[in-house]
Amino acid sequence: MMGMNKDHIRLFWSMIIIIMLFQSSFSQDNPDADFNASIHTVINSRPTSYNEIESLFTNFKRDSLKMKRLAVLCNSISYLDGESYAFIALGNIYRNISNYKRAIECHKNAEQLAIESNNLSQRIISLNMLGVDHRRMDLIRSALDYHSQALTIANSIEDPTIDVKRSIAVSLNSMGNIYLALKQYDLAITQFNKSLAIEKEEENTLGLAINYHNIGYAKEGLGLLDEALKDYETSLDYNDEMNSEVGRSICYNSIGEVYIKKEEYTKALEYIETALEKAEQVQDQFYIASSFSSLGWVKCELGELEEAEQHMNTAIEIAQKFNLKSTEIAARYRLSQLSLKQGKHEKALSQFQEAAELEKTITNERNLNYINDLTLKFESETKSNTIKALTSENEIVRSRLEKFQLYLLIGMVTMLLAVIIFAIYNRNKKLQQEKKILTLEQDMLRSQMNPHFIFNSLNSIKLYIINNEKENAVYYLNKFAKLIRKILVASHEKDIQLSDELETMALYMNIENIRFSNEIDFQIDIDENVNPESIRVPSLILQPFLENALWHGLSSKKQNKHIGLHVAQNNGKFVTITITDNGVGREASKVINDQKTLKRKSVGIALTKERLENFSKGFDTMYNIKIEDLYDSNNEPSGTKVIIDIPIRSIILESA
């Protein structure tokens, strides 16, 4: 072969391989006959679609030896698409036995081969698999990077294939997991349902099983145990249809944990023991560790404390060996509760502290902020794609109308146009309302994130640093970071719990008080008959009133500065929030403000009234705002009182 070039050598080996496969495919005694026949087919036809290759090797994709043979053969004939498929399958095999390092190597190889062959479909699949690998290792940030990249590429394809649609479903599912990380279960369910719709359309049993399980997990987080149980059982049915032992293990464990929460411990034990048996059969260390942790939990509830401790320790050992941080955290928290039952208070504290410390490494503020950024980016891209789709739809409708005008009678055309104009009018009216709501939300966020407030707050913290007051600097910096995070999260919500609103306002006043040398006495008083957890109000609705009290009421006062926030519920229609300050009063404040060279302009109250008006549309009663001037015994201005009546919606809280 000295005189042969590379192309000749590849052609020679291809012929040898084809001849060998052709011969072996006719041997009835050869156990690999079906596999060899599939290779023979794929070498001859060289399909580029992942779905076509998958149809040939679906019975062999869990056999690492066969997938390695496929990779070598495809490499020898420069068939990049087939080699990429083999590496995707190998990566999945390694991930299922918790060998994440090898899984990532294989999936990266698959992505590189897909790039070289310009196969967008397999590149998207490879990126999604890399995201799953990293998510299993609790590397949330890396996982989200891969899923976000996959979704961006998938959305850029104008006419997506089945493979691409399924990849979009995987990415939507991953965005749902982002919301799960933020404990925003309702939003997570929305994303999972979008993914579920694609999987139903494509009749993808695996995708249906995964999404139903994730929806069940979100509902369990909301405390909807019976609904969660129903979704878990639906997922189990699909896993039984696929004969997936891994899927069965996941579902059995989740069902068992629901029964623990329902205090049906005997039934829970049966499901969890079955889950552990299934996980050990497939040697998936992730689910083995999870099942041992759950088994320890149910044994603890049954009073079998020694066995419970043994199972939890086993879960921790496996989790540490395979770097399964989330599983280790759950096991240590449960071991802490077990130690309390045993009267081992020092051990309980130690386990709790270790779990909390480990939890910081995977749920720190930077990761949560990064998740928020990706969520915003994803929602922005989704809205942009929706607008493009609507524009394209309008162009198609207009084109059809022009064609119909040539064939339809004048009366029919006129009637059709009337219907279309009415539909467009209603649609435009709805879009204008949505635009108004979006504008209000943006204005609200800009109001809360006022650059002067951010600059002055950071400047005040800087003074602590310059004066070497490290404890104060760290304390207020943490408060400031928590406030900014709460503002960003709340700005996505139409309404939030009153308790969250009050906590955010307490943080805001704490930060602003730095600039008043901590002279302001701020108090929150809640009547006993008010449950702030069960009342929802528009997000960040109280800040403009507190800001006015600070800068128009108290900024010109010398001493004895006080702001009180009182929450009452005098009837079932409103929650009444009263904000009282002992400032100089509105008339004196106006005179002082007119004399200033730089006047402080506030649009917060007008914006707040618009938001309250929009919020009140869902209720029988309208909001009400009343501002009263306060006077002392000498009829001198002694402050201002703002009374806000907000329509309420009662929520029955369910225990977790």
**Report entry** Per-peptide average of other Cβ atoms within 10 Å, ordering 230-239, 293-302 highest first
**Finding:** 293-302, 230-239
Query raised in the report: Stretch N518-S45 to full length: gain in nm at 0.36 nm per residue minus the Cα-Cα span?
Result: 162.6 nm
Query raised in the report: So for the pair I465, I115, with labels modelled 7 Å out along Cα→Cβ, what separation do we get in nm?
Result: 3.8 nm
**Report entry** Of K262/K299; K557/K609; K557/K590; K267/K299, pairs whose Cα-Cα distance is over 18 Å
**Finding:** K557/K609
Report task. Just grab the label-to-label distance for K341 and K321, each label 7 Å out from Cα along the Cβ direction, in nm (one decimal). Result -> 2.6 nm
Query raised in the report: Would you list S38, S76 from fewest to most Cβ contacts within 10 Å?
Result: S76, S38
Query raised in the report: Per the Kirkwood formula on distinct C-alpha pairs, the Rh of region 275-364 is how many angstrom?
Result: 12.9 Å
Query raised in the report: Tell me, what ³J(HN,Hα) does each residue in region 224-230 have, in order and in whole Hz, if you take phi through Karplus 6.51 cos²θ - 1.76 cosθ + 1.60 with θ = phi - 60° and put x for Gly and Pro?
Result: 8, 5, 5, 5, 4, 4, 5
Query raised in the report: From the cross-link list K617/K641; K61/K108; K101/K194, which pairs have alpha carbons spaced over 20 Å apart?
Result: K617/K641; K101/K194
Report summary line: For region 235-245, Karplus-derived ³J(HN,Hα) couplings (6.51, -1.76, 1.60; θ = phi - 60°; whole Hz; x for glycine and proline) come out as 4, 4, 4, 5, 5, 5, 4, 8, 6, 9, 5
Query raised in the report: Each residue of region 564-575 in turn: what ³J(HN,Hα) in whole Hz from Karplus with 6.51, -1.76, 1.60 and θ = phi - 60°, glycine and Pro shown as x?
Result: x, 10, 10, 10, 9, 9, 8, 8, x, 9, 10, 10
Query raised in the report: When the C-alpha atoms of region 502-649 are aligned to their principal axes, what extent does each axis show, in angstrom, from largest down?
Result: 44, 33, 29
Report summary line: Given 562-575, 199-212, 244-257, the highest-first ranking by average Cβ count within 10 Å works out to 244-257, 199-212, 562-575
Query - Potential lengthening between L305 and Q559 on full extension [0.36 nm per residue; Cα-Cα distance subtracted] - result: 85.4 nm
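Read-outs: derived from the displayed coordinates by stated rules, not from any lab. These figures come from a predicted structure and were not determined experimentally. Cβ sites come from the backbone with ideal geometry, for glycine too, and all protein chains shown count toward neighbours.
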